[in-house]
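The values are calculated or read from the model by the stated rules, or taken from the named source; none is laboratory data. No experiment lies behind these values; they were computed from the predicted model shown. Cβ: placed from backbone, ideal geometry, glycine included. Neighbour counts: every protein chain shown. Each accessible area value is taken on the protein alone, full model and side chains, heavy atoms only, with ligands, DNA and RNA left out. Shrake-Rupley method; radii C 1.70, N 1.55, O 1.52, S 1.80 Å.
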Amino acid sequence: MSQTLSERSFYQLSASVLSIDKHINESHPDPSSLVPYQYDFFLRYVLEGSKSWWASSDQRVYVLKGEYTRQLPGGHILKAGAELLQYDVASEVIKYEPERTYFGKPILDAPLLNYSTSYQYRPRSGSVFVQDKIEVKATQSNVSLGLRWDFLDPTAKRRSWSSFRPSG
């Protein structure tokens, strides 16, 4: 949306959403229904069994943006604006793999190893700026001066460094 306020000033506002969904395998696996791979005699090829991997990744980005522009006397064009981005990132992976020897061969009677993971984060970022574009008529050039402040708030929690140190 944009609106002209006068001959010398106007503003623009915009909002948008970007959505990305990725999926691997269609059905959500039940660990009790997994059929382990059956290998040939030399443990090189899979003869039968079910794929024990499922993944779902969803990302949304919500964007709000606004700018105000005003032409000032003396060849100045003043511009100010802000942008805010809200991310919604979620992922779930369910993955079971056979235990393998040092040489990469599967151990046949060992239980499947669980490599599943899940997370959801809602980080934010944005920026604010002020800019002055100066038209120098004597030299027929333009000079742009401005300030910009960007921020990122990951909203994620991490383990403290002290928890990595050995105790005692």
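Note down all Cβ pairs under 7 Å where the first residue falls in the range 136-154 and is part of a strand (DSSP E or B), the second is of a type in the set (G, A, S) and surrounded by 10 or more Cβ atoms within 10 Å (Cβ to Cβ), and they're at least six residues apart or on different chains.
Between residues of the range 136-154 that are part of a strand (DSSP E or B) and residues that are of a type in the set (G, A, S) and surrounded by 10 or more Cβ atoms within 10 Å (Cβ to Cβ), the close pairs are R148/S127; W149/S127; D150/S127; F151/S125; F151/G126; L152/S125.
Sort out which residues of the range 72-95 are over 18 Å from S19 (Cβ atoms) and part of a strand (DSSP E or B), and write them in order of number.
L72, H76, I77, L78, K79, A80, G81, A82, E83, V93, I94, K95, listed by residue number.
Which one is surrounded by the most Cβ atoms within 10 Å (Cβ to Cβ) among residues in the range 72-113 that are under 26 Å from S52 (Cα atoms) and within 25 Å of the chain's Cα centre (by Cα)?
I94
Would you point out the residue of the range 36-71, among those that are touching a residue at least 60 places away in the same chain (Cβ under 8 Å), of a type outside the set (D, E, K, R) and part of a strand (DSSP E or B), that is most open to solvent (accessible area, probe 1.4 Å)?
Taking the candidates together, the pick is Q71.
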